[in-house]
Amino acid sequence: MNANAPSPSGQRREKVVLVTGAGGEMGHGLISALAAAGRAIVAMDIRELDAEVREHCRSAYVGDICDPGLMERLHAQYEVAEIFHLAALLSTRGEFAPETAHHVNVGGTLNLLRLAAEQARSHGQRVKFMFPSSIAAYGLPSLDEKRRHPVVGEDQFPHPHTMYGVNKRAGEELGRYYQDHYRKLAKDRLAHPIDFRSIRFPGIVSSETVPSGGTSDYGPEMIHAVAQGKAYECFVRPDTRIPFMTMPEAIDALLRLAAAPKERLSRTVYNVSAFSPTAADFERLARAAFPGASVRFVPDLGRQAIVDSWPEECDDSAARRDWGWTPTYTFETAFERYLLPKVRARYAGAMA
Ligand code: AKB
């Protein structure tokens, strides 16, 4: 293994971790955690990164993961040991432009997998590829089926109803191919160029950022709206139930899986989740925290159909057994200990 493989130009390439979609919800928290662990970070996003993200990074690129020229620049400049590929067009946004979603979500992932394989060939070590998948990769055929199967395991209901879900499943399969079968017949084949690991994330609630373009957004949107004294129209029924977790738990899960010894892992794709509240549960805790909060349920039938195809709960026993996943919060303690203190502080001015 060549610890500091010279780049094509003959200069030593710095060993880095590459984070795509760095400006998104998860990117903020992940980059802070990686920086705290002393990692040399190269970040990229389609938009300019916030200063507090950029300051943690060796370099920050504004660019498109579908741009082969950018991939070539990264290949020449850095020795990439690990990739956290967060960039994606989420489920709701993807339904208005499914071909664009496919281009970004699958084309972009393929670009990153190719970069990882080329990096492995050039520096002689497998590149660890962390791929956030989603509960959108499941496709419960009907609401009745969803209610008949309240807890879903990784190998069940594999036919997603959204382009985003199809793309996430494609990313999972592409990762498995690059890890185990890449260039199977090539004479100069490099076996196992990447170490692919993936988590099917549930809805995520963050005290710092409000998501956009997702169909699980109703949870975080409601909390951030009522904390600002704004009326909120929830786009799903009160009885809608899917799994959620907090952003700190999501980042902890990603880093814990990344750190797990490969021999402990019985699968490449894992479920994780922390709690499965209904939309009415979100309203109940929001009203308790912000008396007088105005929340109305006005289901958007299209978005409702999407969440009705996602599981009520995910069986995350494999993650608990293989790499020690365990939630930090219940739904109630997530509100009390994580969300409310930070959201109240964040919007104190708005409520004055
Ligand atoms: C979405 O709502 O599309 C995402 C997800 C569940 O992966 N937050």
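The values are calculated or read from the model by the stated rules, or taken from the named source; none is laboratory data. Since we're looking at a predicted model, the values are computed, not measured. We place every Cβ from the backbone using ideal geometry, glycine too, and count neighbours over all the protein chains shown. Keep in mind that these areas ignore ligands, DNA and RNA; they rest on the heavy atoms of the full protein, side chains included. Shrake-Rupley method; radii C 1.70, N 1.55, O 1.52, S 1.80 Å.
Key figures
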| quantity | calculated |
| --- | --- |
| Qualifying residue in the stretch 17-31 (condition: under 16 Å from the mean Cα position of the chain (by Cα), within 16 Å of the ligand (Cβ to nearest atom) and aliphatic (A, V, I, L, M)) | yes |
| Where Gly302 falls short, out of the listed (1) loosely packed, with under 14 Cβ neighbours inside 10 Å; (2) modelled with pLDDT of 95 or more; (3) part of a loop (DSSP other than H, G, I, E, B) | (3) |
| Residue in the stretch 91-106 that is assigned by TED's automatic domain parsing to the domain that holds Leu257, away from the ligand (no atom under 16 Å from the Cβ) and either open to solvent by 10 Å² or more (accessible area, probe 1.4 Å) or modelled with pLDDT under 95 (or both) present | yes |
| Among the candidates Gln125, Gln119, residue that is open to solvent by 50 Å² or more (accessible area, probe 1.4 Å) and in the same structural domain as Tyr178 (by TED's automatic domain parsing) | Gln125 |
| Failed item in (1) within 14 Å of the ligand (Cβ to nearest atom); (2) within 28 Å of Leu140 (Cα to Cα), with Thr209 passing the rest | (2) |
| Residue selected from the stretch 186-227 under the condition in a loop (DSSP other than H, G, I, E, B) and under 21 Å from Ser309 (Cα atoms), by the criterion most open to solvent (accessible area, probe 1.4 Å) | Ser212 |
| Among (1) open to solvent by 50 Å² or more (accessible area, probe 1.4 Å); (2) touching a Ser or Thr at 6+ places or on another chain (Cβ under 7 Å), the one test that Pro150 misses | (2) |
| Residue within the stretch 307-314 that is free of Cβ contacts under 8 Å to residues at least 60 places away in the same chain and assigned to a helix (DSSP H, G or I) present | no |
